[in-house]
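To start, the structure itself, in structure tokens.
The values are calculated or read from the model by the stated rules, or taken from the named source; none is laboratory data. Since we're looking at a predicted model, the values are computed, not measured. Counting neighbours? That spans all protein chains shown, and the Cβs are built from the backbone with ideal geometry, glycine included.
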Amino acid sequence: MKPALFCAVLLNAALLFTQCQFLTIAEDPDTVVARVNQSTLTVDQLEAELDDAELPAATLQMRRDWVSVWIRTELLYQEALRRDFDGDGKTLRELDRMRRDHLANVVLEHVITDSSMVVTDEEVAGYFEANRKEFVYHEPELRLSVIVLPDEATARQVRGQLSRRSGTFEELARTRSIHPSSADGGDLGFLKRADITDISVQEIVFSLSVGQVSRPVLSESGSFIFRVAERRAAGTVPPLDEVRGEIVNRMLQDRRRELVRRFVDALRQSSDVEIFNGNLMRSEPDEQ
């Protein structure tokens, strides 16, 4: 999947450079999805653009939205032509730059193949051992779970069940909590103080010991019951499994950069490249 920003550039370029199709008497109306004056979007064009955006299974609403964007862009495009903006120097330079950037990215897509982007478990472990200091926790963190109830009375009832051990925290979170984390037994993952915006909640949860359950904490959005499942002290290193995904992403980025660097260096070596440093700044005319 292309990065989101690159997809946005491709979408805008695709919409900008879509060739106008003109309705004629002989044209089958069943092949046309939308029309703006004499410019049409055909079924084949729509399918091609959805395929390019990696949306071959787009829903009916997604297709309607896509067509709405096409109509909006086509209206603006035709107005730009009416105002002769397509001949403006700045516009032509921007279009040329977009075209060159797009084609350059197409080349890189072919250079960076999936086969060259495989990271083995041994490589991940080696990276972790060589860079352990980069993963050290610089401040305390705790793994927090929560049960959110609609009102104080219900919260006190559930807190009583926890005290009597009538159910585990995870079970009651799944069956009683109205928070999205209920599907995960109330687990919110590891949090730092800065991750909790409410100062009073910060003080409450960071004062809890591992396994301890808080009293109900009231707020406008409900009553909260917290439990600390685990603590991390500042200066400790996380287990490898916890940072595996981050390590893989780092290694893939490094490999992409190195692959692109070597490829561009090879192109430069086989090309005639020259920089005229004396012309980097425009010369000022001599004063008379």
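With respect to D241, determine if the residue is loosely packed, with under 10 Cβ neighbours inside 10 Å, modelled with pLDDT under 95 and charged (D, E, K, R). The answer is yes for D241.
Being over 26 Å from M251 (Cα atoms) and part of a helix (DSSP H, G or I) is the requirement here; does D86 meet it? Here the answer is yes, as D86 does meet what is asked.
Each residue in the range 96-121 was checked for being assigned to a helix (DSSP H, G or I), without any contact (Cβ under 8 Å) to a residue 60 or more places away in the chain and more than 19 Å from D52 (Cα to Cα), and 4 of them qualify.
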